[in-house]
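One structure below.
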Amino acid sequence: MTVPVRAPLLLSLLLAFGCNQLKALAGGEADKAKPAAEGTPAKAGEHGGEPAAEHARGADGTPSAQGAEDQGKKSAPGDATSKHAKGDKVESPQRFGLPFAHEASPSEPLARARGFLAEVLGANETQVAKGKGHFAPFIDAEAPRTTVVACADSRVQASAWDQTPENDDFTIRNIGNQVENALGSIEYGVQHLHTPLLLIVGHTGCSAIRAALGKSAGLSEPILGELAALKLPPARKGASAEAAMTEAVIANVNAQVATATQHFSDLVHSGELTVVGAVYDFRNELGKGFGKLQLINVNTNTDPTRVESFLKAVQASPGVAGKAADPNVEERVKKILERAQRAFPAARRPDVTVSSAQISASDLAAHGQGGH
Ligand SMILES: [Zn+2]
C-alpha cells in the first residue's frame, strides 16, 4: 500500500489533539490531567501506553461518551459530593497518556498499529479517488456471482482468484473455511443473493487444520469451540507430517463440500448451484505452482479425471457469465437448447440441466448465434 500526504496529516492532527485534551475538554480538567507519561517514552501495555479503547472509558468503565459525561457531572462546580470536589482525582493521571505520541520502538504494537492505519487510510484514498462512477453499478444492491467460504488466514485473499472481487465475491471467512459454523451467511449468499457458485477455499499450511490435528496447545476455549466442527480422518499410515497436513487440508475441503452439497441438495440437483472445493496452494505442496488455486471437488465429485473434465469445460467457456456478458445471452441460449432438443429428442434427460453458464461464447458462435 502507498501512503499519500493526507493520511499522515490526519494522524498528526489526531496525535496533536490526543486523549488528554479530549478528556480534559469533556471533564473540565485541562490543568489537572497532565499525563505522567508525557515527554517520556511509554511502553505498550504500561501506563501512558494503554490502548485507545482503555482511554475511551470513564472511571466506572463505561464507554467513552457516557464516561466523559459522567466525568463532567462529577466535576461540576458546587457538587460537594463529587470525588473531584474533595480533591481526589477520579482517575489516575496515568490513564490520560498519549498512546500514539510516544513509542520506545517502532516495533511496539502501538507504533505498528499507527503505521498500518496510515497505510489503510492511504490505500483507501485510492478507492475514494475512483469516484461515484465506480460505485454506481452496485450502489443500491449487490449482485455477487459467487459465494465464497474461505479460511480467515491473511495469506488467503480473493485477489488470488478474482482480480476484481468487488460485487463479485460474497465472502464468508472463518478459521478452517467451515460451512457448519457459518450457515446463515452462506444461505444468504446462495438462497438470497442467488449466486450460482459456492466456492469453498482451503489452503496449504492452514493453522486451523494443524490445530485440529492435535496441535492446539494454548488455544482458548472460544477458538477450540470454533474448531470443534472440523472432522478429519486419521492420518494415512506412513505419511510424513507434511503430507498428513496437506492431506488433512484436502480432506477438510472435501468434508465442507459434502456438508454444503447436502445442505443445498435441491439447488445442486436442479443445477442452480454448483459447489466447488479448492485448495489455494501458496506453498506449492500440490506441485502445480506457487499460488495455484487447485480445484479438487465439484458437487462431491473428487475423482481427478472427472474434476479435470469439468475444469476443461470451465476453461473453454470464458466470459459468458462475466460482468460484461451479453444481456441477450439467456434468450440466445434458450433458442439453441430448443433447437437441439428438437433435433435430438433422445437427448432429453430429466436429470440433466443445462444453464447458460455451461455454454461457451464459442458454442454460440458455432451455432450462428454470435450476433444480436
Ligand atoms: Zn487456514
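Readers should treat all values here as calculations from the given coordinates under stated rules, not as data from a laboratory. Fair warning: this is a prediction, and the values are worked out from it, not measured in the lab. Cβ: placed from backbone, ideal geometry, glycine included. Neighbour counts: every protein chain shown.
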Simple SL model, points at 7 angstrom along Cα→Cβ for Arg210 and His192; separation in nm is 3.5 nm
Cβ under 9 Å from Ala208's Cβ, Ala208 left aside: what net charge do those residues give with Lys, Arg +1 and Asp, Glu -1? -1
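I need the calculated FRET efficiency for the pair Thr164 and Glu221, taking r as the beta carbon distance and R₀ as 30 Å, to the nearest 0.05. Before the final figure, lay out the partial values.
Details: r = 39 Å, r/R0 = 1.31.
That gives a FRET efficiency of 0.15.
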Violating pairs (Cα-Cα greater than 30 angstrom) within the set Lys130/Lys312; Lys231/Lys292; Lys132/Lys288; Lys215/Lys312; Lys237/Lys292; Lys132/Lys312: Lys130/Lys312; Lys132/Lys288; Lys215/Lys312; Lys132/Lys312
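Is the C-alpha gyration tensor of the stretch 104-201 telling us rounded, prolate or oblate? Criteria: a/c under 1.5 is rounded; beyond that, a/b larger than b/c is prolate, otherwise oblate.
On the way: a/c = 2.75, a/b = 1.36, b/c = 2.02.
Oblate shape, in that a/c is at least 1.5 and b/c is the bigger or equal ratio.
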So Phe138 and Lys288, fully extended at 0.36 nm per residue minus their Cα-Cα distance, gain in nm 50.4 nm
